[in-house]
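Each remark here refers to the structure printed beneath this line.
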């Protein structure tokens, strides 16, 4: 695989998606939101009544999942489509996040989606964000980032997002959900959430998005990955 790949892994709410998309835009590279694949799978399985512990059925659904990405939306980021229908907002709920963690823990699902994720790599460069981009999907990436933040800070960020959208939210409950998802992602048997051995650790707890993006771009320049 090419070294023209930047992976940004880390727990939910650390800012991976926002940072990855901004870095990809700055570099003129493609972007892969790997978490969206698992969120879409969870959504599709729920709609079809597939149990999250039915490994054969989930794997079959993953293999034929009709997911695609559309042009960027100023408010939503990268648009996500399921069988041609917009599901961008549907997969950004807390329920979708929990479902994603559950289906992502199924070994056959991860196997079914592995090559699909690798197929997103382009000669022009790729920024990939997720939980195992640097450890499993793109182990030869030219730059690996592990982006994190305290559970308290991540809950505050999510709370602000939900309130801004007019949704009800409880910050204590959000923090508990985040901590539970962290445990699920870190303790699963296949591709658990952990930094790659050669990953650069970035704690965004007290950093702005612009500061994190600048730090990643500086590291990319050091590695000879930027233009």
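The values are calculated or read from the model by the stated rules, or taken from the named source; none is laboratory data. Owing to the predicted nature of the structure, the values given are computational and were not obtained by experimental measurement. Glycine gets a Cβ as well: all are built from the backbone with ideal geometry, and neighbour counts include every protein chain shown.
The number of residues in the range 83-118 that are within 24 Å of residue 165 (Cα to Cα), in contact with a strand residue (DSSP E or B) (Cβ under 7 Å, 6 or more places away or on another chain) and surrounded by fewer than 21 Cβ atoms within 10 Å (Cβ to Cβ) comes to 3. Considering each residue of the range 29-41 in turn, at least one proves to be in a loop (DSSP other than H, G, I, E, B) and either crowded, with 24+ Cβ neighbours inside 10 Å or in contact (Cβ under 8 Å) with a residue 60 or more places away in the chain (or both).
Listed by first and then second residue, the pairs linking a residue in the range 161-180 that is in contact (Cβ under 8 Å) with a residue 24 or more places away in the chain to a residue that is surrounded by 12 or more Cβ atoms within 10 Å (Cβ to Cβ) and in a loop (DSSP other than H, G, I, E, B), with Cβ atoms under 9 Å apart and 6 or more places separating them unless they lie on different chains, are 174/13; 178/11; 178/12; 178/13.
Quick grid of which residues meet (1) more than 29 Å from residue 107 (Cα to Cα); (2) not in a loop (DSSP other than H, G, I, E, B):
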residue: 141; (1), (2): no, no
residue: 145; (1), (2): no, yes
residue: 183; (1), (2): no, yes
residue: 197; (1), (2): no, no
residue: 206; (1), (2): yes, no
residue: 218; (1), (2): yes, yes
residue: 221; (1), (2): yes, yes
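Every listed requirement among (1) free of Cβ contacts under 8 Å to residues at least 24 places away in the same chain; (2) in a loop (DSSP other than H, G, I, E, B); (3) in contact with a strand residue (DSSP E or B) (Cβ under 7 Å, 6 or more places away or on another chain) is met by residue 50 save one, (3). Residues considered: 125, 130, 134. Of these, the only one that is within 30 Å of residue 221 (Cβ to Cβ), more than 15 Å from the chain's Cα centre (by Cα) and surrounded by 14 or more Cβ atoms within 10 Å (Cβ to Cβ) is 125.
Out of the residues in the range 165-180 that are part of a helix (DSSP H, G or I) and either under 19 Å from the mean Cα position of the chain (by Cα) or at pLDDT below 90 (or both), which is farthest from residue 99 (Cα to Cα)? Checked the range 165-180; the qualifying residue farthest from residue 99 (Cα to Cα) is 175.
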